[in-house]
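Have a look at the structure below, then the notes.
The values are calculated or read from the model by the stated rules, or taken from the named source; none is laboratory data. Here the structure is a predicted model, which is why all the values come from computation and not from measurement. Here the Cβ is made from the backbone with ideal geometry for all residues, glycine too, and neighbour counts use every protein chain on show. Surface accessibility is based on the protein's heavy atoms, side chains included, excluding ligands, DNA and RNA. Shrake-Rupley method; radii C 1.70, N 1.55, O 1.52, S 1.80 Å.
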Amino acid sequence: SLCAAGEPNLSYQELKDLKKANILHIDVRERWEIDRFGKIPESINIPLGELMEALQMDPMEFKEQYNQKMPSKSDPVVFSCLAGTRSKQALAFAMSLGFS
């Protein structure tokens, strides 16, 4: 299940369309889930337990750790997980840090 502030639930096709617009897709599943079920193309994996810290990192440190430019507070970001619960938590975390 996928989550974004403007649209709490996105379909797979909506995500594909958003990815064409250079949206940052953060998969908040655990690393073992990625290993077992596979990586979603063009997503970055930041397990939910690391997300708060990751979104507050120095941008250089974020790039070094996740091999991706750190999103600004106004950049479009989509969170995903397996069932939708963690992506909703991730969205709440991000919004609590000032992400729109």
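Tabulated results
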quantity	calculated
Region 24-43-region 56-100 distance, computed between alpha-carbon centres (Å)	14
Accessible surface, per residue, of the chain when the full set of protein chains is kept, probe 1.4 Å, Å²	60
V78 long-range amide H proximity, modeled H, under 5 Å	L24, H25, I26
Radius of gyration and maximum dimension Dmax of the chain, Cα, Å	12.4, 33
Net charge, G98 excluded, C-beta distance under 15 Å - Lys, Arg +1, Asp, Glu -1	0
Within-11-Å neighbourhood charge of F79 [Cβ basis; K, R +1; D, E -1]	+2
Solvent-accessible area, 1.4 Å probe, carbon plus sulfur percent, for the chain	54
Around M70: net Lys/Arg minus Asp/Glu count, Cβ-Cβ under 11 Å	-1
Helical contribution to [θ] at 222 nm, DSSP H n ≥ 4, -39,500 (n - 2.57), averaged over the chain, rounded to 500	-12000 deg cm²/dmol
Nearest-20 debye value, the chain charge dipole, Cβ charges on Lys, Arg, Asp, Glu	220
